[in-house]
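Notes for the one structure printed next.
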Amino acid sequence: MSVSYSSSLTQPRSLEQELKHFFGYDSFRPGQREIVEAALSQRDMLIVMPTGGGKSLCFQLPALLKPGLTVVVSPLIALMQDQVEALRDNGIGATFLNSTLSAMETRSREMAIMDGRIKLLYVAPERLLSQRFLPFLDQVEANLGISAFAIDEAHCVSEWGHDFRPEYRQILQVRDRYPNIPVMALTATATDRVRADITQQLALREPFIHVASFNRPNLYYEVRPKTKRSFTELLQIIEKIGGSGIIYCLSRKNVDELAFQLQQSGISALPYHAGLSDSDRASNQTRFIRDDVQIMVATVAFGMGINKPDVRFVVHYNLPRNLEGYYQEAGRAGRDGEPAQCTLFLSYGDRKTIEYLIEQKADPQEQRIATQQFRRVIDYAEATDCRRTIQLSYFGEQFPGNCNQCDNCRNQKPLEDWTIEAMKFLSAVARCKERFGMNHIINVLRGSKSEKILQYGHDKLSTYGIGKDKTADEWKMLGRSLLHQGFLDETTDGYSVLKLNAKSWEIMHRQRTVEIAISRKEDVQTVQRYSAAEGEILFNILRRLRKQIADEQFVPPYVVFPDSSLRAMAEQRPKTLNEFAKISGVGTRKRDKYGKQFIEAIQNYCEEQGLSKGVSNSANDGNLLSHTQLLTLQLYQQGLTVEVIAEMRDIRPATVVSHLAELIEMNQAIDINQLVDRDRQQSIIAAIEVVGDNSLTQIYQLLREKYSYDEIKLVRAWWRKNL
Ligand code: ADP
Ligand code: ZN
């Protein structure tokens with residue numbers, strides 16, 4: 001690999017130009033530029049940025065601009081691999097060393113480092129102090145220099161954080177060994193205590209501190225009541241928003257059930273929880289990250305270390321236990337800065353379950369904290385204020401409200417005084433001697449003639465029938481609100497008997513008023529979507545191309561390009577490499593590596609749509625052949641092999657195969673038997689009939705990787721056309 005870093009011989013590039021060259025981005029995100037500048041001046045740093053803020057770039061760009069090697073400490077192997085893949089796809093010399101590598105592989109990577117071909121080395125913390133690694137680091141320092149230590153997920157060093165890792169404490173010894181090398185700590189953890197702990201534990205010296213706002217402006221927050229319709233609403237969310245989504249549930253059982261239900265409804269969804277085997281978990285996660293499956297239904301075990309930037313929605317189908325957890329989990333949506341939605345379903349049943357679980361805690365102190373934390377979740381969910389204001393205030397940040405990006409700001413629910421209704425409700429509870437549940441009380445209020453009412457003589461009560469003016473649903477809304485607001489209690493023995501408390505009596509004595517937020521039935525609202533206009537069709541074509549390229553390289557699609565780049569391509573429809581290079585996310589390397597293929601796909605689309613005057617070709621079966629498909633077809637008809645066609649046209653053999661597959665689907669005379677052995681066709685068809693024809697990877701995996709993607713692609717096309 002030949003990579004050119006800016007050298008003193010050439011005109012120095014501005015930081016913006018470097019950013020564009022290496023990463024393809026046009027501008028820095030808030031804070032990034034200042035951080036990069038501080039890093040270039042060799043300062044220690046503490047960087048606190050929310051998920052998706054763009055922390056990686058803060059150490060990656062300086063690493064490329066400074067002489068020597070930057071050592072990145074990262075807690076999870078999956079995270080390291082992801083980042084290294086993404087860097088390499090930008091043509092940047094990066095590698096990792098961890099326990100998964102053979103001795104030989106390790107040696108060869110060490111050699112690449114000593115040759116100066118690597119600018120960023122990712123390591124696990126425990127490796128830092130190993131017998132083998134320290135002498136190696138000494139050698140690097142002596143020969144090339146170490147430009148910085150970047151400590152990712154630095155909160156792992158703190159016992160006060162949620163992911164304490166004792167190995168992180170060892171980093172301090174490395175700091176002592178190389179006192180002059182700057183240390184940069186990065187985290188998304190929001191609490192002050194952890195921040196202070198990081199500074200102390202890593203012995204940061206007068207660090208440059210950057211604490212970004214925790215506001216995530218691209219996220220739309222909403223809370224919905226959990227009802228019988230919730231599953232339908234969930235399906236609507238999945239369908240309307242599209243793209244990848246995570247659905248969090250409380251328990252393994254909830255996860256399995258919901259995943260099954262979704263699958264039954266034709267949604268591509270997989271479960272993820274601690275009860276699955278390691279290999280199932282890993283494989284489900286990979287399939288999600290690679291877009292082979294749309295939805296991950298998961299417990300909170302899923303998330304840390306998920307770098308997928310294009311998650312378009314996160315749904316909490318059950319209540320979370322604390323607000324910080326909720327913020328972090330919901331925050332896995334929209335890391336790429338594109339619009340994304342966070343929905344929380346509020347269910348009274350969940351609330352009871354969690355309260356019950358908290359009651360089971362042995363340590364009273366722990367119990368108190370858990371109760372308090374859970375109370376904040378309920379406050380958040382029931383609030384009628386701006387959701388952002390509430391979340392950010394939890395992290396000590398002030399937000400003025402009116403964000404217009406949460407349900408409360410978009411449709412402010414009217415508060416109504418329901419004191420009189422509450423008095424009626426509570427006195428019915430009292431008249432029934434606090435021995436019945438909600439439905440029975442409502443039946444009394446509405447004057448029901450059910451057997452149970454008559455059996456207890458409740459039709460004789462003074463409260464019988466005094467609530468006919470309201471529907472059962474309205475009474476239920478009030479009853480729930482009284483419970484939520486703590487104006488009424490309910491037993492947790494499984495019978496949910498309503499019990500009065502001191503506040504109930506205050507209401508009945510008119511010492512307290514009751515206001516409830518009236519939620520009218522609304523249509524399912526979702527984040528603003530791009531209309532299914534032209535751009536959307538092309539966007540989907542480009543997504544498929546991205547997926548195909550990613551599969552061929554065994555990387556997740558977002559490593560090839562983020563959604564925002566594909567959007568920009570679909571809108572701007574670049575025709576030349578120069579135009580292509582202007583798209584945000586297209587750096588020098590990606591221009592050279594992918595430009596041709598994407599431009600080709602865009603041009604094909606334009607020609608088919610008559611968006612630009614292109615070559616119009618003979619029509620067949622209602623489909624127009626593009627110019628490039630036609631060329632391949634003509635060469636193929638002359639009896640040339642895939643390899644020769646690729647050679648002649650200076651395109652990749654895989655592209656020729658894609659053309660042939662498309663031509664087969666368009667009913668062109670291409671004989672599959674000349675391309676794939678009959679026996680092999682049979683096995684592939686059998687596999688398609690098991691897993692469907694959507695995902696090449698799934699077919700490939702089912703066939704135990706014994707058949708090439710090319711073969712599968714061709715047979716799939718034939719299958720689609722003929723069956
Ligand atoms: P964090 O580690 O803070 O969660 P990442 O470093 O993973 O965030 O960045 C989140 C996403 O934002 C990635 O997809 C990354 O490519 C993108 N990104 C980072 N900086 C920029 C920028 N200056 N312009 C556009 N996209 C950026
Ligand atoms: Zn708001």
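Table: residues versus (1) open to solvent by less than 20 Å² (accessible area, probe 1.4 Å); (2) within 21 Å of Gly145 (Cα to Cα).
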position: Leu172; (1), (2): no, yes
position: Asp176; (1), (2): no, yes
position: Asn180; (1), (2): no, yes
position: Ala188; (1), (2): yes, no
position: Ala196; (1), (2): no, no
position: Ser213; (1), (2): no, no
position: Asn218; (1), (2): no, no
position: Tyr221; (1), (2): yes, no
position: Arg229; (1), (2): no, no
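Tell me which of these Ser279 doesn't satisfy, since it passes every other one: (1) among the small types (Gly, Ala, Ser); (2) within 26 Å of Arg546 (Cα to Cα); (3) more than 16 Å from ligand 2 (Cβ to nearest atom).
(2)
Quick check, is Arg376 within 26 Å of Trp475 (Cα to Cα) and more than 16 Å from ligand 1 (Cβ to nearest atom)? Please lay out each step first, then the result.
Details: within 26 Å of Trp475 (Cα to Cα): yes; more than 16 Å from ligand 1 (Cβ to nearest atom): yes.
Yes: the conditions hold for Arg376.
Which members of the range 444-472 meet the condition of being within 22 Å of Tyr495 (Cβ to Cβ), open to solvent by 60 Å² or more (accessible area, probe 1.4 Å) and either in a helix (DSSP H, G or I) or touching a His at 6+ places or on another chain (Cβ under 6 Å) (or both)?
Scanning the range 444-472 gives Glu451, Lys452, Leu454, Gln455.
Mind checking which residues of the range 23-35 are near ligand 1 (Cβ under 10 Å from one of its atoms) and either on the phi < 0 side of the Ramachandran plot or open to solvent by 80 Å² or more (accessible area, probe 1.4 Å) (or both)?
Phe23, Tyr25, Asp26, Ser27, Phe28, Arg29, Pro30, Gln32, Arg33
Answer yes if at least one residue in the range 273-289 is within 16 Å of ligand 1 (Cβ to nearest atom) and in contact with a Pro (Cβ under 9 Å, 6 or more places away or on another chain), and no otherwise.
There is at least one residue in the range 273-289 that is within 16 Å of ligand 1 (Cβ to nearest atom) and in contact with a Pro (Cβ under 9 Å, 6 or more places away or on another chain).
Just a yes or no: is a residue in the range 293-313 within 16 Å of ligand 2 (Cβ to nearest atom) and at pLDDT below 95?
Looking only at the range 293-313, we keep the residues that are within 16 Å of ligand 2 (Cβ to nearest atom), and these are none.
Scanning the range 293-313 turns up no residue that is within 16 Å of ligand 2 (Cβ to nearest atom) and at pLDDT below 95.
When you look at Leu137, is it under 30 Å from Leu19 (Cα atoms) and touching a residue at least 60 places away in the same chain (Cβ under 8 Å), yes or no? Show your work before the answer.
Details: under 30 Å from Leu19 (Cα atoms): yes; touching a residue at least 60 places away in the same chain (Cβ under 8 Å): yes.
Taking the combined requirement at face value, the residue satisfies it.
Of everything in the range 335-345, what is more than 16 Å from ligand 2 (Cβ to nearest atom) and not in a strand (DSSP E or B)? Give them in sequence order. Walk me through it before giving the result.
Of all residues in the range 335-345, those more than 16 Å from ligand 2 (Cβ to nearest atom) come to 335-338, 345.
The answer is Arg335, Asp336, Gly337, Glu338.
Evaluate the range 302-310: report whether one residue or more is open to solvent by 10 Å² or more (accessible area, probe 1.4 Å) and small (Gly, Ala, Ser).
Yes, some residue in the range 302-310 is open to solvent by 10 Å² or more (accessible area, probe 1.4 Å) and small (Gly, Ala, Ser).
Which of the numbered conditions does Trp160 fail, given that it passes all the others? Conditions: (1) in contact with a Ser or Thr (Cβ under 8 Å, 6 or more places away or on another chain); (2) open to solvent by 40 Å² or more (accessible area, probe 1.4 Å); (3) within 30 Å of Ile518 (Cβ to Cβ).
Here Trp160 clears every test but (3).
When only residues in the range 40-55 that are modelled with pLDDT of 90 or more and either basic (Lys, Arg) or closer than 11 Å to His210 by Cβ (or both) count, which is surrounded by the fewest Cβ atoms within 10 Å (Cβ to Cβ)?
Ranking the candidates gives Arg43 first.
Determine whether the range 673-685 contains at least one residue that is modelled with pLDDT of 90 or more, of a type in the set (A, V, I, L, M) and under 35 Å from the mean Cα position of the chain (by Cα).
yes
Taking into account only those residues within the range 535-550 that are touching a residue at least 40 places away in the same chain (Cβ under 8 Å) and open to solvent by less than 10 Å² (accessible area, probe 1.4 Å), which is farthest from ligand 2 (Cβ to nearest atom)?
Per the stated criteria, the residue is Ile549.
Is one or more of the residues making up the range 356-366 buried (at least 19 other Cβ atoms within 10 Å of the Cβ), small (Gly, Ala, Ser) and over 25 Å from the mean Cα position of the chain (by Cα)? Let's see the steps before the verdict.
So the first thing to find is which residues in the range 356-366 are buried (at least 19 other Cβ atoms within 10 Å of the Cβ), and the list is none.
Taking every residue of the range 356-366 in turn, none turns out to be buried (at least 19 other Cβ atoms within 10 Å of the Cβ), small (Gly, Ala, Ser) and over 25 Å from the mean Cα position of the chain (by Cα).
Within the range 123-139, which residues are open to solvent by less than 60 Å² (accessible area, probe 1.4 Å) and within 14 Å of Arg107 (Cα to Cα)?
Phe133, Phe136, Leu137
Among the residues of the range 281-295 satisfying the criterion of being in a helix (DSSP H, G or I) and open to solvent by less than 20 Å² (accessible area, probe 1.4 Å), which is farthest from Ser244 (Cα to Cα)? Full working, then the answer.
The initial filter retains those residues of the range 281-295 that are in a helix (DSSP H, G or I), namely 281-289.
The next check asks that each one be open to solvent by less than 20 Å² (accessible area, probe 1.4 Å); those that pass are 284, 288-289.
Working: Asn284: 13, Phe288: 8, Ile289: 9 Å.
Among those residues, the one meeting the criterion is Asn284.
Of the residues Gln11, Gln60, which is buried (at least 20 other Cβ atoms within 10 Å of the Cβ) and either within 16 Å of ligand 2 (Cβ to nearest atom) or not aliphatic (A, V, I, L, M) (or both)? Steps first, please.
On the way: Gln11 fails: buried (at least 20 other Cβ atoms within 10 Å of the Cβ).
Testing whether each residue is buried (at least 20 other Cβ atoms within 10 Å of the Cβ) and either within 16 Å of ligand 2 (Cβ to nearest atom) or not aliphatic (A, V, I, L, M) (or both) leaves just Gln60.
Pick from Ser268, Ser251: which is closer than 17 Å to Asn318 by Cα, of a type in the set (Ser, Thr, Tyr) and surrounded by fewer than 23 Cβ atoms within 10 Å (Cβ to Cβ)?
Values: Ser268 fails: closer than 17 Å to Asn318 by Cα.
Sole residue among the options that is closer than 17 Å to Asn318 by Cα, of a type in the set (Ser, Thr, Tyr) and surrounded by fewer than 23 Cβ atoms within 10 Å (Cβ to Cβ): Ser251.
Does Gln391 count as on the phi < 0 side of the Ramachandran plot, away from ligand 1 (no atom under 16 Å from the Cβ), open to solvent by 50 Å² or more (accessible area, probe 1.4 Å) and touching a residue at least 60 places away in the same chain (Cβ under 8 Å)?
Working: on the phi < 0 side of the Ramachandran plot: yes; away from ligand 1 (no atom under 16 Å from the Cβ): yes; open to solvent by 50 Å² or more (accessible area, probe 1.4 Å): no; touching a residue at least 60 places away in the same chain (Cβ under 8 Å): yes.
So Gln391 does not fit the description; no.
Show me the strands (runs of 3 or more DSSP E) entirely contained within the range 40-110 in which 1 or more residues are within 13 Å of ligand 1 (Cβ to nearest atom), over 14 Å from Val123 (Cβ atoms) and touching a helix residue (DSSP H, G or I) at 6+ places or on another chain (Cβ under 7 Å). Quick ask: steps written out before the conclusion?
Working: elements: 45-48, 69-73, 94-97.
The qualifying strands (runs of 3 or more DSSP E) are 45-48.
Can you tell me which residue within the range 557-587, out of those that are open to solvent by 10 Å² or more (accessible area, probe 1.4 Å), away from ligand 1 (no atom under 16 Å from the Cβ) and in a helix (DSSP H, G or I), is farthest from Arg544 (Cα to Cα)? Break it down stepwise before answering.
Quick first cut of the range 557-587, residues open to solvent by 10 Å² or more (accessible area, probe 1.4 Å) only: 558, 562-564, 567-568, 571-573, 575-579, 581-582, 584.
Among the residues that remain, those that are also away from ligand 1 (no atom under 16 Å from the Cβ) are: 571-573, 575-579.
Now narrow it down to the ones that are in a helix (DSSP H, G or I): 571-572, 577-579.
Numbers: Glu571: 17, Gln572: 18, Leu577: 20, Asn578: 23, Glu579: 21 Å.
Checking each candidate, the answer is Asn578.
In a helix (DSSP H, G or I), open to solvent by 50 Å² or more (accessible area, probe 1.4 Å) and in contact (Cβ under 8 Å) with a residue 12 or more places away in the chain: does that describe Gln200? Can you show your working first?
Values: in a helix (DSSP H, G or I): yes; open to solvent by 50 Å² or more (accessible area, probe 1.4 Å): yes; in contact (Cβ under 8 Å) with a residue 12 or more places away in the chain: no.
Criteria not met by Gln200.
Just need a number here: residues in the range 77-106 that are surrounded by 19 or more Cβ atoms within 10 Å (Cβ to Cβ) and without any contact (Cβ under 8 Å) to a residue 60 or more places away in the chain.
Selection size over the range 77-106: 7.
Please work out if Gln412 is more than 16 Å from ligand 1 (Cβ to nearest atom) and open to solvent by 60 Å² or more (accessible area, probe 1.4 Å).
Numbers: more than 16 Å from ligand 1 (Cβ to nearest atom): yes; open to solvent by 60 Å² or more (accessible area, probe 1.4 Å): yes.
It is true that Gln412 is more than 16 Å from ligand 1 (Cβ to nearest atom) and open to solvent by 60 Å² or more (accessible area, probe 1.4 Å).
Just checking, how many residues over the range 386-406 are near ligand 2 (Cβ under 8 Å from one of its atoms) and out of contact with any Gly (no Cβ under 6 Å at 6 or more places or on another chain)?
Let us first name the residues in the range 386-406 that are near ligand 2 (Cβ under 8 Å from one of its atoms), namely 386-389, 401-406.
Filter once more, keeping what is out of contact with any Gly (no Cβ under 6 Å at 6 or more places or on another chain): 387-388, 401-406.
Counting residues in the range 386-406 that are near ligand 2 (Cβ under 8 Å from one of its atoms) and out of contact with any Gly (no Cβ under 6 Å at 6 or more places or on another chain) gives 8.
Which condition breaks for Ile672 when tested against (1) open to solvent by less than 30 Å² (accessible area, probe 1.4 Å); (2) in contact with a strand residue (DSSP E or B) (Cβ under 7 Å, 6 or more places away or on another chain)?
The failed condition is (2).
Could you please let me know if Ser74 is away from ligand 2 (no atom under 16 Å from the Cβ), open to solvent by 10 Å² or more (accessible area, probe 1.4 Å) and either free of Cβ contacts under 8 Å to residues at least 24 places away in the same chain or on the phi < 0 side of the Ramachandran plot (or both)? Quick ask: steps written out before the conclusion?
Details: away from ligand 2 (no atom under 16 Å from the Cβ): yes; open to solvent by 10 Å² or more (accessible area, probe 1.4 Å): no; either free of Cβ contacts under 8 Å to residues at least 24 places away in the same chain or on the phi < 0 side of the Ramachandran plot (or both): yes.
So Ser74 fails the test.
The values are calculated or read from the model by the stated rules, or taken from the named source; none is laboratory data. Everything quoted here is computed from the prediction, not taken from an experiment. Every residue, glycine as well, gets a Cβ built from its backbone with ideal geometry; the counts of neighbours run over all protein chains shown. Note: accessible area is taken over every heavy atom of the protein model, side chains too, but ligands, DNA and RNA are not part of it. Shrake-Rupley method; radii C 1.70, N 1.55, O 1.52, S 1.80 Å.
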